Amino acid sequence: MKALVVAEFYPRADDPVLGIWAHEQARAAQAAGAEVHVVVLHRIVPPAATPRLQRPGAALALARHPRHREIDGIPVTYTRYVSPPKGRAYGRWGAWAAPSLWSTLRRLRHEFPFDLVHAHNAVPAADAVLRAGVRTPLVISEHGADVFHTALRHPDGLAAIERAFGAARLVLANSDGIARATQELGAGHTRVVHLGTDLPAAPAHHTGPPTLVTVGHLVARKRHADVLRALWALRELRPDLRYVIIGDGPERAPLEALARDLELADRVEFTGQLEHAAALERARRCHAFVMPSVDEAFGVAYVESMAGWVPAIGALGEPGPAEIARVGDGIRLVPPGDVELLAATIDALVDDPVFLRDLGFRARETAEASFTWEACGRATVAAYEEALGG
């Protein structure tokens, strides 16, 4: 079975953690028996947040990115395209990417006659596939962007999502909540396929003061600011409590300013973006993973920490954390925006080292039972077989 993966977010030479979950799923599917080739929709227009004077250099770097790479045994082709800014045109990016995708696939079919296409998200990936005239059976993985962002903010994107979901043989959702949302947007046949994590052989040694950690892009919806405010609320009760923020993004400067304003700068470390393995190693040396984010379709970072015997805190009412909590222990949920309850939950975890250790073991059991890449690979290949049989 030959599966062609089409993705907007995928590791690049300059950003090796971008879309790392899509790459790990491709690796898992290949390990489970599929032959995989990835095509990345590689937009060569710098993000709008890029400072004006840096944009020419950034555009040149994007344009010079290699067209072909092999990452962990997965061949990857980057097909370049341009499009208007995201804020006003994201729903139509599939149309902008389709011509170059058509050209890429026309050449690729000779060396890789794929049996099906697996698109990550309806917009722009699946939309571009359909606009490129591909008639091969289509599988779409829904990671939340279509549901939480595109369908709500872009009328043309909503139409593209509904068209893509209607054309797909199968829509793979990363949680039950996302499966229901895709059905409301026209998906006829859905299946839940959980993303996964590696399983370290032994827990890391926890040394030093109790330390919280968050791994993720620094954007407002991740609610790092709530964790900072909870740390401030515990400043007298837990003066030794520390917080490590792993990642980068547009919210970094405001978060650093907030840490200074709350007089927490000496207790908060901003590591910036780390290589994936380094981020995992650092996070698993901390005592608790805390990310009370909203619009969280799944959240691989939760299960990656839990696999390392580190219990997690997520937001109540979000599809991903709810799914993780439904299948096992090791994660606690608090209402988003409730800083006082978040602080109380953090305090309860770090107050009793024996309880924290036991919860960490239960977190590991949950990850090992339900959220491994091996299981994800088997489920992905089973979904491919189902789509081809359909």
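The values are calculated or read from the model by the stated rules, or taken from the named source; none is laboratory data. A quick note: this is a predicted structure, and the numbers were derived from the prediction, not measured. All Cβ positions, glycine included, derive from the backbone under ideal geometry; neighbour counts span all protein chains shown. Please note that ligands, DNA and RNA were not included when accessible areas were found on the heavy atoms of the full protein model with its side chains. Shrake-Rupley method; radii C 1.70, N 1.55, O 1.52, S 1.80 Å.
Using the Kirkwood formula over every pair of different C-alpha atoms, what hydrodynamic radius in Å results for region 281-390? For region 281-390, inverting the mean 1/r across all distinct Cα pairs yields 14.6 Å. A crude spin-label estimate for the pair Glu374 and Asp266, with each label 7 Å from Cα along the Cβ direction, gives 4.8 nm.
Counting only protein heavy atoms and a 1.4 Å probe, the chain has 42 square angstrom of accessible area per residue. Three principal axis extents describe the C-alpha atoms of region 144-276; from largest down they are 55, 39, 28 Å. Carbon-plus-sulfur accessible fraction, region 1-79 (probe radius 1.4 Å, protein heavy atoms only): 55%. Answer rounded, prolate or oblate for region 117-178, using the Cα gyration tensor with square roots of eigenvalues a ≥ b ≥ c: rounded when a/c is under 1.5, else prolate when a/b is larger than b/c, else oblate. Judged from the Cα gyration tensor, region 117-178 comes out oblate (a/c at least 1.5, b/c at or above a/b).
To the nearest µm²/s, what D does Stokes-Einstein give for region 240-290 at 10 °C and 1.306 mPa s, using the Kirkwood radius over alpha carbon pairs as Rh?
Value of D from the Cα-based Kirkwood radius: 135 µm²/s.
If you compute volume of the Cα convex hull per residue in Å³ for the structure shown, which of (i) 130; (ii) 141; (iii) 115 do you land on? The value matching this structure is (i). Taking the Cα centroid of region 307-346 and of region 219-236, what is the distance between the two, rounded to the nearest whole Å? Cα centroid of region 307-346 versus Cα centroid of region 219-236: 15 Å apart.
Positive contributions from Lys and Arg (+1) and negative ones from Asp and Glu (-1), summed over other residues with Cβ under 15 Å from the Cβ of Gly360, come out at -1. Counting only Cβ charges, +1 for Lys and Arg and -1 for Asp and Glu, the dipole size of region 1-134 around its Cα centre is about 680 debye. With contributions of -39500 (n - 2.57) from each DSSP H run of at least four residues, the per-residue ellipticity at 222 nm computed over the chain stands at -12500 deg cm²/dmol.
Within the accessible area of region 145-290, the carbon and sulfur atoms contribute 51%, probe 1.4 Å, all protein chains present. Within 13 Å, Cβ to Cβ, of His65, how many net charges do the neighbouring residues add up to if Lys/Arg are +1 and Asp/Glu are -1? Local net charge: +4. Across the options Val129, His42, Gln54, the greatest Cα extent toward the positive end of the charge dipole of region 1-139 (unit charges at beta carbon of Lys, Arg, Asp, Glu) belongs to Gln54.
Taken along the Cα-to-beta-carbon direction at a fixed 7 Å, the label points for Glu365 and Ala49 span 4.0 nm. Comparing Ala181, Pro210, His120 along the charge dipole axis of the chain, the residue lying farthest to the positive side is His120, per the Cβ-charge model.
Each of the peptides 296-302, 82-88, 70-76 was scored by the mean count of other Cβ atoms within 10 Å over its residues; in descending order, highest first, they stand as 296-302, 70-76, 82-88.
How large is log10 I(q)/I(0) at q = 0.08, 0.09, 0.12, 0.19 Å⁻¹ when the Debye formula is applied to the Cα atoms of region 199-339, each weighted equally and without solvent? Values, matching the q order: -0.19, -0.24, -0.43, -1.16. Stretching Thr207 away from Val327 to a fully extended chain increases their span by 40.2 nm, per 0.36 nm per residue minus the current alpha-carbon distance.
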